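Some notes on the structure that comes next.
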Amino acid sequence: MGRTLITITQQLNETESMLSPFRRTLRRSDQYVFDGLFAAARRHIAAIGQEESLLPFESALLAMLLEQSKEIAVLQQKIEELIKKNG
Amino acid sequence: MAEAIGWLLDVYADEAGITLWLLTNDDKRLCLHMDFDVTFYAAGDFSLLRQAWIYLKEKDARLERTIRRDLFLGERDVMAVTTSNPAGLQKLFGELQRQFPSLNYYDADIPITLRFISQTNTHLLGRCHVRFDEKWLQSIEPLSSPWEIDPTPMPLRILTLTPDCNPAIRKPKQLHVKYGPREYSLSLDSPRLFMIGLKADLQRLDPDLILTDYGDTWLFPQLRQWSEETGIELNPNRDEHRPVMTRKADSYFAYGQVTYRGAQSYLFGRWHIDRRNAMSFGEYGLEGAMEQARVTGIGVQEMARKSPGAGITAMQMSTALCNGVMVPVQKQQVEGTKTLAELIRADHGGLIYQPLIGLHGDVAQIDFSSMYPAIMVKHNISPETVGLENAPEGLIPKTLRPLLEKRLMLKNILSDLNPRDCRVEILKARASALKWLLVVCFGYLGYKNARFGKIESHEAVTAMSRELMLQAKEVAEDMGFTVLHMYVDCLFVQQVGFHRHSDFTPLINAIEEKTGIPIVLEGVFKWVAFLASKRDARVPVPNQYFGVFQDGTLKYRGIELRRRDTTTWVRKIQLAALEVLACANTPQEFANHVPDVMALVERAKQELRTGRVPLDELIVRQRLSRTLAGYKSPSPAARAALQLQERGRQFAPGQSLEFLFARNASGVHAWELEETLAPGMLDTKRYCRLLDRAMRTVLDPCKPLLALEKLF
């Protein structure tokens with residue numbers, strides 16, 4: 001209420017719909033992964049909003065990378081545990 | 001000279017000054033008059049002011065050139081226009097404004113009650129001591145303050161009048177009358193006998209408050225009509241020289257939705273409140289409306305019908321009056337110029353930190369108490385002080401400080417009381433009424449028509465709140481907590497091994513010390529579930545959660561149970577399901593209770609299919625968002641309205657419709673139709689779908705543990 005600019009959530013929605021021809025052309029299996037990237041960005045809406053950038057999509061890309069790095073770290077840990085377990 | 005002590009019941013303008021009504025200690029209703037001059041001001045181009053002066057010389061007004069303070073512009077040369085006829089002020093001002101529209105006007109639309117209380121230092125419903133000759137008030141002395149925590153209760157005489165059905169649906173046959181322990185009915189078959197009966201009751205009982213259902217939209221207009229038809233004069237006012245004051249019905253857009261307000265009937269010397277046409281009455285009832293009247297200076301009848309915004313505006317006007325600041329009729333300040341980068345930096349709301357989806361155990365919820373008002377007071381945020389260093393206390397903090405302190409005191413008393421104490425309900429209503437005033441105060445800083453609003457001050461509050469929330473997050477993380485979710489003014493935190501209330505005390509103290517804003521522990525959840533988006537299970541949704549506190553109390557936000565358009569039946573079953581799940585002490589135990597929930601759902605569906613669910617539990621309520629002609633594809637509410645329109649009913653945007661989902665051409669059956677829905681015509685499949693959706697909400701959090709897709 002009382003906002004002049006659109007919110008970060010709305011900006012992300014707009015970017016996503018702008019990219020819909022891109023998404024449409026992807027394979028169904030890739031579309032699911034593509035949606036996952038935006039889901040990852042949406043987990044960090046507050047941080048993207050705090051960034052005060054003219055191009056919030058840059059921060060959204062960082063948020064996607066951040067989630068990916070987290071996932072890699074979790075998987076690495078699991079691999080290490082498995083290696084230890086299996087000697 | 002006579003004297004009396006009592007409560008100030010009503011104040012209104014008349015042609016010779018002011019009329020006031022006092023409810024005296026010896027249970028009398030005293031009507032007094034007093035001379036009362038009212039002044040408004042005009043400022044602007046001197047040649048125009050000179051012309052206005054010449055124009056006003058012909059009128060019944062005294063003129064003076066003086067200097068008064070504008071909140072933003074400082075001292076201004078103004079023309080003061082004083083009249084001793086407060087009731088004629090609006091007409092005089094209206095004429096002047098039409099002649100000289102480009103002048104700036106001040107103090108022209110201040111409610112008379114505010115002028116009276118600021119001049120006499122009394123307050124509405126307050127105790128006072130009066131001296132009078134005949135009917136003329138000689139002096140009035142306040143004996144109480146609006147900020148008293150425990151005001152002496154007013155011995156009000158309350159008469160309740162309710163028709164035996166909704167007059168919009170069918171013609172009522174009886175009017176139920178309730179006065180104290182007595183209850184009886186007056187037949188409406190013969191208007192003549194009814195009018196005689198009601199007139200006798202009003203004279204005999206002489207109520208202070210007439211509390212009605214449909215009084216605004218049906219009873220009072222009907223009384224006027226019957227009075228004309230039967231020739232029996234019935235004036236429901238205590239002041240017999242006045243007719244009932246009526247205001248027309250309207251639809252307006254506020255808080256993101258269209259709201260309909262029926263025509264209104266106001267009384268003089270006593271109050272009339274229509275429970276069905278009072279905006280916030282359902283929220284805090286008579287006690288809340290009285291509390292708001294006490295602190296805002298707007299009469300109970302108006303406060304019950306208006307939004308809290310009108311109350312907070314009145315409080316700001318009172319502060320201005322008491323501090324010699326003029327109240328502009330129209331807002332003159334506009335948003336300052338900003339670069340795009342500055343706009344991007346400033347134009348934000350509160351901090352919303354997406355939750356971590358799923359079930360979490362031993363989670364503490366901590367809330368900043370009245371965060372926004374506390375920021376405004378502590379950091380002196382007011383439209384005239386924003387951006388200034390070491391400015392004196394601004395108008396807004398000055399207005400809010402006592403309100404904030406009173407609410408905190410009421411809340412402290414409430415937290416110490418046994419929940420079964422008879423004072424709890426009243427105190428809760430009063431605290432809630434004050435809360436709404438505080439809540440809208442922030443919104444009004446940024447509201448385009450608020451006289452003392454300026455968007456920069458609004459932005460300063462949210463910017464400060466975001467900073468404080470980040471500080472709180474950092475403090476929590478420094479102390480080893482995981483922050484699961486943050487929502488504007490509350491945080492959900494968790495740490496392994498922390499589950500007692502006292503475990504979180506050091507955190508609360510540390511946050512309070514860092515931010516300087518009071519913070520309280522709302523409670524510790526045994527478990528809480530943060531929900532995912534229905535569209536994509538990987539996307540979290542803020543402020544949608546349910547959980548159970550350690551004492552077994554459920555708390556839920558944003559789910560079907562909280563939505564007004566959910567049917568009672570779905571709500572009941574969703575609540576029952578949550579009560580079953582509340583038996584789980586840990587997230588791990590949650591899944592053990594799912595079979596019980598499934599059995600509950602199956603039983604409920606069986607009851608629905610066999611017609612054992614009362615139809616009124618299946619009513620869906622939805623609002624009309626536009627006129628019926630404005631719908632391209634009519635919503636279910638619009639389709640129900642169309643059914644009623646065929647039978648002569650009229651609808652305005654904002655009106656609420658009740659209907660059942662039915663297996664007929666339009667898919668709905670308006671509840672207000674005279675004919676009831678035939679058995680077997682109920683769209684049970686649709687209701688089962690609604691129930692499944694509500695159940696998915698509460699069972700989704702344990703999806704990782706169960707193959708739920710098969711269940712629904």
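Residues in region A:16-38 include at least one that is small (Gly, Ala, Ser), part of a helix (DSSP H, G or I) and either surrounded by 14 or more Cβ atoms within 10 Å (Cβ to Cβ) or within 14 Å of another protein chain (Cβ to nearest Cβ) (or both). Just so you know, in region A:55-67 the residues that are aliphatic (A, V, I, L, M) and assigned to a helix (DSSP H, G or I) include one that is nearest to the other protein chains (Cβ to nearest Cβ), and it is A:63. Contact map, region B:1-28: residues that are over 18 Å from residue B:145 (Cα atoms) paired with residues that are assigned to a loop (DSSP other than H, G, I, E, B) and of a type in the set (Ser, Thr, Tyr), Cβ distance under 8 Å, separation 6+ or inter-chain. Pairs shown: B:16/B:84; B:17/B:84.
Among all residues of region A:47-54, there is at least one that is within 13 Å of chain B (Cβ to nearest Cβ), part of a helix (DSSP H, G or I) and modelled with pLDDT under 90.
For (1) within 19 Å of residue B:124 (Cβ to Cβ); (2) surrounded by fewer than 20 Cβ atoms within 10 Å (Cβ to Cβ); (3) in contact with a strand residue (DSSP E or B) (Cβ under 6 Å, 6 or more places away or on another chain), each residue gets a yes or a no:
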{"site": "B:237", "(1), (2), (3)": "yes, yes, no"}
{"site": "B:241", "(1), (2), (3)": "no, yes, no"}
{"site": "B:244", "(1), (2), (3)": "no, yes, yes"}
{"site": "B:248", "(1), (2), (3)": "no, yes, no"}
{"site": "B:251", "(1), (2), (3)": "no, yes, yes"}
{"site": "B:260", "(1), (2), (3)": "no, yes, yes"}
{"site": "B:272", "(1), (2), (3)": "yes, no, yes"}
{"site": "B:276", "(1), (2), (3)": "no, yes, no"}
{"site": "B:280", "(1), (2), (3)": "yes, no, no"}
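Scanning region B:318-343 for residues that are surrounded by 12 or more Cβ atoms within 10 Å (Cβ to Cβ), aliphatic (A, V, I, L, M) and within 13 Å of chain A (Cβ to nearest Cβ) gives a single hit, B:343. Restricting B:216, B:189, B:239 to those that are in contact with a Gly (Cβ under 6 Å, 6 or more places away or on another chain) and farther than 26 Å from residue B:627 by Cβ reduces the list to B:239.
If you go through region B:344-352 one residue at a time, do you hit one that is under 30 Å from residue B:700 (Cβ atoms), surrounded by 15 or more Cβ atoms within 10 Å (Cβ to Cβ) and either among the aromatic types (Phe, Trp, Tyr) or not assigned by TED's automatic domain parsing to the domain that holds residue B:527 (or both)? Within region B:344-352, none of the residues are under 30 Å from residue B:700 (Cβ atoms), surrounded by 15 or more Cβ atoms within 10 Å (Cβ to Cβ) and either among the aromatic types (Phe, Trp, Tyr) or not assigned by TED's automatic domain parsing to the domain that holds residue B:527 (or both).
For region B:587-598, which positions are under 40 Å from the mean Cα position of the chain (by Cα) and either exposed (fewer than 12 other Cβ atoms within 10 Å of the Cβ) or free of Cβ contacts under 8 Å to residues at least 60 places away in the same chain (or both)? B:593, B:596 - these are the residues of region B:587-598 that are under 40 Å from the mean Cα position of the chain (by Cα) and either exposed (fewer than 12 other Cβ atoms within 10 Å of the Cβ) or free of Cβ contacts under 8 Å to residues at least 60 places away in the same chain (or both).
Hey, can you tell me all the residues within region B:234-280 that are aromatic (Phe, Trp, Tyr) and within 17 Å of residue B:168 (Cβ to Cβ)? Break it down into steps so the answer makes sense when it comes.
Here is the first cut: in region B:234-280, the ones aromatic (Phe, Trp, Tyr) are B:252-253, B:255, B:260, B:266, B:268, B:271.
The one that is aromatic (Phe, Trp, Tyr) and within 17 Å of residue B:168 (Cβ to Cβ): B:260.
Taken residue by residue, region B:463-485 has at least one member that is out of contact with any Pro (no Cβ under 6 Å at 6 or more places or on another chain) and farther than 30 Å from residue B:358 by Cβ.
Restricting attention to region B:400-442, the residues that are of a type outside the set (S, T, N, Q) and either within 14 Å of residue B:280 (Cα to Cα) or assigned by TED's automatic domain parsing to the domain that holds residue B:523 (or both) total 10. In the set (1) at pLDDT 95 or above; (2) under 30 Å from residue B:291 (Cα atoms); (3) surrounded by fewer than 15 Cβ atoms within 10 Å (Cβ to Cβ), residue B:114 fails one condition alone, (3). Quick check on region B:355-378. Is at least one of its residues closer than 30 Å to residue B:589 by Cα, within 14 Å of chain A (Cβ to nearest Cβ) and touching a His at 6+ places or on another chain (Cβ under 8 Å)? For region B:355-378, residues closer than 30 Å to residue B:589 by Cα, within 14 Å of chain A (Cβ to nearest Cβ) and touching a His at 6+ places or on another chain (Cβ under 8 Å): present. Going by what's in this entry, would residue B:58 be described as under 22 Å from residue B:325 (Cβ atoms), surrounded by fewer than 14 Cβ atoms within 10 Å (Cβ to Cβ) and of a type outside the set (Gly, Ala, Ser)? No: the conditions fail for residue B:58.
Residue by residue, here is whether (1) in contact with a Cys (Cβ under 7 Å, 6 or more places away or on another chain); (2) surrounded by fewer than 19 Cβ atoms within 10 Å (Cβ to Cβ) holds:
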{"position": "B:11", "(1), (2)": "no, no"}
{"position": "B:21", "(1), (2)": "yes, no"}
{"position": "B:24", "(1), (2)": "no, yes"}
{"position": "B:45", "(1), (2)": "no, yes"}
{"position": "B:51", "(1), (2)": "no, yes"}
{"position": "B:81", "(1), (2)": "no, no"}
{"position": "B:93", "(1), (2)": "no, no"}
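The number of residues in region B:636-650 that are of a type outside the set (Asp, Glu) and either surrounded by fewer than 16 Cβ atoms within 10 Å (Cβ to Cβ) or not in a helix (DSSP H, G or I) (or both) comes to 5. If you filter region B:300-317 down to residues that are under 9 Å from the mean Cα position of the chain (by Cα) and under 20 Å from residue B:396 (Cα atoms), you find that the one that is surrounded by the fewest Cβ atoms within 10 Å (Cβ to Cβ) is B:307.
Only strands (runs of 3 or more DSSP E) whose full extent lies in region B:125-165 are considered here, and the ones with at least 1 residues that are at pLDDT 95 or above and within 23 Å of the chain's Cα centre (by Cα) are B:158-163. As a summary of the residue check, residue B:387 satisfies the conditions (1) within 14 Å of chain A (Cβ to nearest Cβ); (2) exposed (fewer than 15 other Cβ atoms within 10 Å of the Cβ) except for the one numbered (1). Where strands (runs of 3 or more DSSP E) fall wholly inside region B:168-246, the ranges with 2 or more residues that are within 20 Å of residue B:300 (Cβ to Cβ) and without any contact (Cβ under 8 Å) to a residue 40 or more places away in the chain are B:174-179.
One residue alone among B:346, B:364, B:374, B:320 is modelled with pLDDT of 90 or more, in contact with a helix residue (DSSP H, G or I) (Cβ under 8 Å, 6 or more places away or on another chain) and within 30 Å of residue A:63 (Cβ to Cβ), and that residue is B:364. Within region B:278-298, restricting attention to residues that are modelled with pLDDT of 90 or more and not in a helix (DSSP H, G or I), the residue that is nearest to residue B:398 (Cα to Cα) is B:297.
Looking only at residues of region B:439-471 that are of a type in the set (Ser, Thr, Tyr) and within 11 Å of chain A (Cβ to nearest Cβ), we find that the one that is nearest to the chain's Cα centre (by Cα) is B:444.
The values are calculated or read from the model by the stated rules, or taken from the named source; none is laboratory data. Here the structure is a predicted model, which means the values were calculated and not measured. Neighbour counts are summed over all protein chains in view; Cβ atoms, including those assigned to glycine, are modelled from backbone coordinates with ideal geometry.
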